[in-house]
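The values are calculated or read from the model by the stated rules, or taken from the named source; none is laboratory data. Quantities reported herein were computed from a predicted structural model and do not represent experimental measurements. For neighbour counting, all protein chains shown are included, and Cβ atoms are generated from backbone atoms with ideal geometry for every residue, glycine included. Please note that ligands, DNA and RNA were not included when accessible areas were found on the heavy atoms of the full protein model with its side chains. Shrake-Rupley method; radii C 1.70, N 1.55, O 1.52, S 1.80 Å.
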Amino acid sequence: MDAQWLPYAVVVGTAVLAFLFNMVASPRLTRALNSPVEVHVPWRRPRIIAGKSLVTIWFASAALYLATLPQVLELPGVDLSGWSIPTLAIMLLASFAATTYKRSLAQQVEDQLDERELAARNGFYPLAHQTVLMFASTLFVILFIVQLGSNEIDLGTINSETALGSAITLLFFFWVTPSLVHAWRDPVPDEVSEEMRRALKDAKRELRREFRGLSIEIDAAGAEVKDEIRKAMGMGETSKKKGRSPRGLKVAVNGRLVKGASAAKKRAKPAKKGKRS
Amino acid sequence: MTGRRPASESPFPNRIAELRERAKMSRLELAELVGVNSQTIGYLERGEYNPSLALAFRLSDVFGLTVEKIFVRNQPKGGKRR
């Protein structure tokens, strides 16, 4: 009967240890081992995707790792034991990435944070611990119900490898969850620095000004060329100018007097048709 | 972290961006002057974070204005306030 309390003791013990680790040891350890790895992507979307996918990878690898442990998931024809070490490695890598993600706020020491960051960081911990406790309690209740339903699982004979694997996962879960919360709810700070934005704006303005200056020069040059051509035409063959009747002047078409050259053309068409027929 | 919302919806909209632009300061410069991260200035300008009194007074010192002239109080929707 006592052995049935083993999972509960593992969960609670891990919770207490992780809580103590996060509250006491983690900042000191972070100060000593704080990684300089920083995600610097100038666009908002990749950052969000990076954070959320990191969390997804962590949960997926943790779930798969748990499933590979003996006695956890036994399906006919399925052997997951080969996945145990790769998934554990992925989980550890994801944990490292999450805790160093943009120098994750969750793992920063207090004197490196300003008041907003401190408030945000302090918000991650209760939420993270609440999430973990909810998750662990739900899992425990489910296992308890399953155990009540069938007497096939004997908690007293749980493989030590399974117990150790579960404990490792839970411990990492507790340690990494605040960083995972940060990665998931990535605040997406200023992606492009103010200086860069200002420099881009200045460059655009400069280009526009130059373009405007160039177009004015081109217009002026074009006008000069047109004037030259006009002058040349005027001096040479003035008589060859296209003869257009001035407005209001009457032109004789088909024996009738009509106003303007365009009207004269319109009137002239039916006469041509008549000639052909 | 709080969700993103327009600065106009913030209960305390502020003129930090306008004053900073007028003073020809970058976010980084202002952040250094008031002793916060430059991202925090972005949050303040977007109305996504309300500063502590200490930070509000530091900002008022930098701009040479009173806090009331930097931060405005939005009238609550339910009725008038004295």
Calculated from backbone phi, Karplus (6.51, -1.76, 1.60) coupling profile of the range A:217-232 in Hz, x at Gly/Pro:
4, 5, 4, 5, 4, x, 4, 4, 4, 4, 4, 4, 4, 4, 4, 4
Residues in the range B:34-61 that, when all protein chains are in place, have 50 Å² or more less accessible area than the chain alone would give (probe 1.4 Å):
B:39, B:43, B:49
Calculate, for residue A:201 and residue A:83, the FRET efficiency according to 1/(1 + (r/R0)^6) with r their C-beta to C-beta distance and R0 41 Å; round to the nearest 0.05.
0.20
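Give, in nm to one decimal, the length gained when the segment between residue A:144 and residue A:184 is fully stretched (0.36 nm per residue of separation minus the Cα-Cα distance).
11.3 nm
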From phi via Karplus (6.51, -1.76, 1.60), per-residue ³J(HN,Hα) for the range A:178-183 in Hz, x at Gly/Pro
x, 5, 5, 4, 5, 5
For the interface of chains B and A, what total accessible area is buried with a 1.4 Å probe, rounded to the nearest 100 Å²?
1700 Å²
So for the range B:10-70, averaging the separation of alpha carbon pairs under 8 Å that are six or more residues apart and normalising by length, what relative contact order in percent results?
34 percent
Normalise the Debye intensity by I(0) for the range B:10-70, one equal point scatterer per Cα, no solvent, then take log10 at q = 0.13, 0.27 Å⁻¹ and round to two decimals.
-0.26, -1.36
Distance from a point 7 Å along Cα→Cβ of residue B:26 to each backbone N in the range B:34-63: keep the residues under 12 Å and list them by number.
B:38
On a full-extension model of 0.36 nm per residue, what is the gain between residue A:209 and residue A:171, subtracting their alpha-carbon distance, rounded to one decimal in nm?
7.6 nm
Let's test the formula: R0 of 45 Å, r as the Cβ-Cβ distance of residue A:219 and residue A:118. What FRET efficiency results, to the nearest 0.05?
0.15
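At a Förster radius of 51 Å, what calculated FRET efficiency corresponds to the Cβ-Cβ distance of residue A:67 and residue B:69, to the nearest 0.05?
So, using R0 = 51 Å, E works out to roughly 0.25.
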